[in-house]
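Chemist: Have a look at the structure that comes next, please.
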Amino acid sequence: MKRLSFIIALIFVFAGGVLLLELIQRDSGYVLISLFGISLEMSFWFALFAVLCILLGAYVLIRSIKLLLATVLGSTRWYSGLRSNKIEQHYRQGLLNFVVGNFGEAQRCLNRVSQKNNLPVVRTLVQAKSLNECGKIDEALALLIDAELKYPDDQRWLLAVRLNLLISLKRYDEAEALSERLKLLAPHDATVLRQRILLLRELNRVEESTELLPRLSKTKLLTEQELLQEYCLNAQALLQQELDAQKLQAFWNTVPKALKRHYALQLSYAKLLLKIEDTKNLKALIERELNQNYHEEMIEIYAKLPIDDASSQLKQAERWLKRYNEQPMLLFVLAVLAMKNQLWGNARTYLEKTLALKPSAEAMSLLALVSEKCGDKEESYELYKKAANLLV
C-alpha cells in the first residue's frame, strides 16, 4: 500500500515538473525584492525554486540539530525525561482514544511513538486493534507477526489478539494452528481456554467445546455471569446440530449446580428438550419455573408441548392466569390450548383480550380461524384481511 502511494506521488511530481517547464517557456515572469536599499530582480520560477530550496534546507537543518542533540544529550536525565514525557503523552492520547472508540486517532497517536524504542507490547496490541477497527485487518496481522520477533516474552498476548482476528475472518485453519501454539504457551490460562472454546464452537465441534467448559470453570478467573454466558452459547450451538437425549444429558452434566438455577440457562435447556421432544422433563421444567415467576418465553414453549392431555395443560395455564393476571402471551397461549380442546368460545374470548392488549397478525389469524370453525365465514374473511394488513 505504501509502495503504491509512493509511485502515485512520483507520477504527480513528474507531471507537475512537466507542467512547470511548459509554464516557464510560455512566460517566466519576474520578482523584485527590495530590502535595506538593495534590490534584487529574478525570474518568478527561479524565486519559487529558491524558496522551496530554503524550506527544504531549513527542514534538513532542524532534523540534523535534533539528531545531534539526541546523540549528545541522549544519556542526560533532562533529555531522557523530556522524551519520556512526550512518549507518555502519545501513549495516553492513543489509549484514551482507543477506549472511547476513536480508533483512527488512536492509531495516529500510537504511530508517533518511536518504533526504535524498547516499548511495552501494549502499544502494539492497541495499535493492532485500532487498525482492525478501521478495517485494515491485513496491516494489523502483519504488525502482530512482526511484534512476535520484537517481544518474545509477550508472545502469549500477541498470539491471543491475532487469534481473535483470524477467528473473526473465519480463517479457521490458521486459527487452529495458532490455538495449538497458545495451548502450549499457557495451557491453564482462562483467556486461552475461552478462545479455544470459541474456535471449536465456530467449527461446530460443540462436544469438544463443552468438554473444556469444566476446566474453564475451575480457573476461578471468570465471573459467574461470564461463565454462564459460555454455557448459554454452547447450548445455542447445540440447537443448530443433530441432538439426542444422550448428548443433551452429557452437556447438562457439565453445568455447575450454581449455574443451573439461572433462568437464561433454564430457557436454553427447555429449547433443547423441545428439540429432542422430551415432553415429560420439559413439562416439569416449565411448570416448575412458571410456578415461581412469570416468563413469557417459557409460556410460549408450553403451548408447543406435544401432550395428549391438552385439558390438564389448559387448567394449569388458567391457574397461572389467576396468579399473573392478563398478560398478552399468557392469554394467547390460553387461546391456543382452548383451541386444542375445541373450546372455540373460550378461544375467541382469549384472542380478543390478546388483541386488545397487543395486536398481532398471528393472534388475528387465529381469531379468523376460530370464526371459521364457528361457521362465520364473512367475519373470518375480514379478520384474515386485517391479519394481512398487520404484516405490512
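Chemist: No solvent, one uniform scatterer per C-alpha: report log10 I(q)/I(0) for the range 217-298 via the Debye equation at q = 0.17, 0.20, 0.24 1/Å, two decimals.
Modeler: -0.69, -0.94, -1.26
Chemist: OK, next. For a footprinting-style exposure proxy, rank Val121, Val60, Val336 by other Cβ within 10 Å, fewest first.
Modeler: Val60, Val121, Val336
Chemist: Let me check I've understood the local charge: for Met329, count other residues with C-beta under 9 angstrom from its C-beta, Lys and Arg +1, Asp and Glu -1. What total comes out?
Modeler: Once positives and negatives cancel, what remains is -2.
Chemist: Going by how many other Cβ atoms sit within 10 Å of their own, how do Glu242, Glu207 line up, fewest first?
Modeler: Exposure proxy ranking, most exposed first: Glu242, Glu207.
Chemist: Still on this structure: Using Cβ counts within 10 Å as a stand-in for footprinting exposure, how do Tyr231, Tyr384, Tyr269 rank, fewest first?
Modeler: Details: Tyr231 25, Tyr384 18, Tyr269 21.
Placing the least packed residue first, the sequence is Tyr384, Tyr269, Tyr231.
Chemist: Using the basic label-point model (7 angstrom from Cα toward the beta carbon), what is the Leu149 to Lys340 distance in nanometres?
Modeler: Roughly 6.7 nm, to one decimal.
Chemist: Roughly what % of Cα-Cα distances in the range 164-302 sit above 19 Å, to the whole percent?
Modeler: On the way: 5226 of 9591 pairs.
Summing the P(r) of the range 164-302 above 19 Å gives 54 percent of all pairs.
Chemist: What does the charge count around Arg171 come to, taking other residues whose C-beta lies under 14 Å from its C-beta (Lys +1, Arg +1, Asp -1, Glu -1)?
Modeler: -3
Chemist: Within the range 332-364, which residues have the backbone N less than 11 Å from the label spot 7 Å out from Asp376 along Cα→beta-carbon, could you tell me?
Modeler: Within reach of a label on Asp376: 345, 348-349, 352.
Chemist: Sticking with the crude label model, points 7 Å out along Cα→Cβ, report the distance from Arg108 to Ile62 in nm, one decimal please.
Modeler: Output for this residue pair reads 1.8 nm.
Chemist: Would you mind checking the pairs Lys271/Lys373; Lys280/Lys304; Lys170/Lys247; Lys315/Lys340 and listing those with alpha carbons more than 21 angstrom apart?
Modeler: Those over the limit are Lys271/Lys373; Lys170/Lys247.
Chemist: Toward the positive end of the charge dipole of the range 217-298, about the Cα centre and with charges on Cβ (Lys, Arg +1; Asp, Glu -1), which of Cys232, Gln246, Thr279 goes farthest?
Modeler: About the Cα centre, the residue reaching furthest to the positive side is Gln246.
Chemist: Local charge sum around Ile307 (other residues, Cβ-Cβ under 13 Å, Lys/Arg +1, Asp/Glu -1)?
Modeler: 0
Chemist: Enumerate the residues in the range 199-237 having an amide nitrogen under 16 Å from the point lying 7 Å beyond the Cα of Arg156 toward its Cβ.
Modeler: Answer for the range 199-237: 216, 219-222.
Chemist: Once you have the Cα-Cα distance between Ala356 and Ala186, take 0.36 nm times their residue separation minus that, and quote the gain in nm to one decimal.
Modeler: Stretched out fully, the Ala356 to Ala186 stretch lengthens by 55.3 nm.
Only the coordinates and a few stated rules stand behind these numbers; no lab work does. Source: prediction; values computed, not measured. A quick note on method: Cβ atoms are made from the backbone with ideal geometry, for glycine too, and the neighbour counts reach across all protein chains shown.
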